[in-house]
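Okay, structure first, notes after.
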Amino acid sequence: MAKQSSIQLMTKGSIAKQIIGYAIPIFIGYLFQQLYNTVDALIVGNFLGQNALAAVTSVGSLIFLFVGFFNGFATGASVIVANAIGAQDENRTKKAVYTTATFGILLGLIMTGIGYLLTDQMLMWMGSPQEVFGLSSTYLKIYFLGGFSLVLYNMLVGIIRAGGDAKHPLYYLIVSSMLNVILDVVFITVFKMGVAGAAWATIVSEFASMFLCAVQLAREESILHISWLHLTLDFENLKQICIYGLPTGLQGCVIDFANVMIQSYINSFGAAAIAGVGAYSKVEGFIFLPEISFSMALTTFVSQNEGAGQSERSRKGILFGLAAALLMIECLGILIYLFAPTFISFFNQNPEVIAIGVDRAKI
């Protein structure tokens, strides 16, 4: 194979060390991402009030519905690229990499177009109350304008992580998170842009992380190198990405669609209920970080080892990863249960909002 400057094969060595070493940077990266999503809500709730907090948090389930579906294809792409790397098939790897990048651009454009055009209709389907409808619409339309960069970022990160590199995506998420917090403060408190400022801060930071990934792959000296002026689609690889990615995306949509239905029901109780449950959802997001981190670690680990014909090593890695993730999830769940009132009060000082958020956390 060609020179592998950043590729790390996971087909040899300690299973536990490799999975934990890969999962920890992902966990830290998503921790920063969850923190900046939480800071969004903190700044909005404390500077713009209850209705703005309700507007921003109530659309979270709808955003996850879109992002979860398209992220399924990023997972499928990561499986295909990692499998080709594990098999040490340079030609197949190059085709998979270029197909992933090209398909990512197309998917990003699709998400941006559909999301922006259907924003108001989707909010009406969800029964968004009058006092938050306009704010939610503003936030969501701006967010979908940046949907392209979010989808392409996830596809490019899938390529990078398929090569066993979890550290560079971590660095990019840290930069993105810090940028988002700074822009949140500037746009909301200095330029008085309201919820639009929170949305613009998010999409600018997402574009920054996408750009950093694109630059890394353009400078790669390994088989993961991408020449952005010569993108191509290999239909056999595209078919395989869809075979793995579509079921994953649809699986995520089932849960996210259920959350949209639940959010629609919550919307009928007004802004305080929306804000309270929305504040809790930001805290709840931390519980899912171990599952996300270890599932991504196992995706690369298993794909590389299956490509190398090491099924028994894959099985051992799956068992270890599941046990480690479950332990971390339980520890975080207990922590959030014990300190729920303190966490919820950070977002808004309205006693009704705090009480609703705490009730949701305890359940």
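Can you pull out the residues in the range 10-26 that are under 30 Å from Ala199 (Cβ atoms) and at pLDDT 90 or above? Once the filter is applied, which keeps residues that are under 30 Å from Ala199 (Cβ atoms) and at pLDDT 90 or above, the range 10-26 yields only Pro25. When Leu156, Leu135 are screened for being surrounded by 20 or more Cβ atoms within 10 Å (Cβ to Cβ), within 20 Å of Ile274 (Cβ to Cβ), modelled with pLDDT of 95 or more and of a type outside the set (Ser, Thr, Tyr), only Leu135 passes.
I'd like to know if the range 250-263 contains one or more residues that are modelled with pLDDT of 85 or more, among the polar types (S, T, N, Q) and within 30 Å of Glu90 (Cβ to Cβ). No.
For every residue, the table says whether it meets (1) in contact with a Pro (Cβ under 9 Å, 6 or more places away or on another chain); (2) more than 23 Å from Tyr139 (Cα to Cα); (3) among the polar types (S, T, N, Q); (4) surrounded by 23 or more Cβ atoms within 10 Å (Cβ to Cβ).
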{"site": "Lys167", "(1), (2), (3), (4)": "yes, yes, no, no"}
{"site": "Asp184", "(1), (2), (3), (4)": "no, no, no, yes"}
{"site": "Met193", "(1), (2), (3), (4)": "no, no, no, no"}
{"site": "Gly197", "(1), (2), (3), (4)": "no, no, no, yes"}
{"site": "Thr202", "(1), (2), (3), (4)": "no, no, yes, yes"}
{"site": "Arg219", "(1), (2), (3), (4)": "no, yes, no, no"}
{"site": "Gln251", "(1), (2), (3), (4)": "no, yes, yes, no"}
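Scanning the range 130-165 for residues that are under 27 Å from Tyr22 (Cα atoms) and outside any helix (DSSP H, G or I) returns Gly163, Gly164, Asp165. Taking the condition of a type in the set (Gly, Ala, Ser) and out of contact with any helix residue (DSSP H, G or I) (no Cβ under 8 Å at 6 or more places or on another chain), does Gly113 pass? Criteria met by Gly113.
Looking only at the range 297-304, decide whether some residue is under 19 Å from Val81 (Cα atoms), aromatic (Phe, Trp, Tyr) and buried (at least 22 other Cβ atoms within 10 Å of the Cβ). There is at least one residue in the range 297-304 that is under 19 Å from Val81 (Cα atoms), aromatic (Phe, Trp, Tyr) and buried (at least 22 other Cβ atoms within 10 Å of the Cβ).
Just to check your reading of the model, which residue among Leu224, Leu179, Leu233, Leu212 is open to solvent by 40 Å² or more (accessible area, probe 1.4 Å), outside any helix (DSSP H, G or I), aliphatic (A, V, I, L, M) and at negative phi? Exactly one of Leu224, Leu179, Leu233, Leu212 is open to solvent by 40 Å² or more (accessible area, probe 1.4 Å), outside any helix (DSSP H, G or I), aliphatic (A, V, I, L, M) and at negative phi, namely Leu233. For the range 314-333, the condition holds for at least one residue, the condition being that it is more than 22 Å from the chain's Cα centre (by Cα), of a type in the set (D, E, K, R), within 30 Å of Thr93 (Cβ to Cβ) and open to solvent by 30 Å² or more (accessible area, probe 1.4 Å). Answer yes or no as to whether Leu238 is at pLDDT 95 or above, of a type in the set (A, V, I, L, M, F, W, C) and in contact with a His (Cβ under 9 Å, 6 or more places away or on another chain). Against the criterion (at pLDDT 95 or above, of a type in the set (A, V, I, L, M, F, W, C) and in contact with a His (Cβ under 9 Å, 6 or more places away or on another chain)), Leu238 does not qualify. Considering only residues in the range 272-296 that are of a type in the set (Ser, Thr, Tyr) and buried (at least 24 other Cβ atoms within 10 Å of the Cβ), the one that is nearest to the chain's Cα centre (by Cα) turns out to be Ser293. Return a yes/no flag: does the range 59-72 have any residue that is out of contact with any strand residue (DSSP E or B) (no Cβ under 7 Å at 6 or more places or on another chain), surrounded by 24 or more Cβ atoms within 10 Å (Cβ to Cβ) and of a type in the set (S, T, N, Q). No, the range 59-72 contains no residue that is out of contact with any strand residue (DSSP E or B) (no Cβ under 7 Å at 6 or more places or on another chain), surrounded by 24 or more Cβ atoms within 10 Å (Cβ to Cβ) and of a type in the set (S, T, N, Q).
The values are calculated or read from the model by the stated rules, or taken from the named source; none is laboratory data. In this text the structure is predicted, and so the values were computed from the model without any measurement. Every residue, glycine as well, gets a Cβ built from its backbone with ideal geometry; the counts of neighbours run over all protein chains shown. Accessible surface areas use protein heavy atoms only, side chains included; no ligands, DNA or RNA. Shrake-Rupley method; radii C 1.70, N 1.55, O 1.52, S 1.80 Å.
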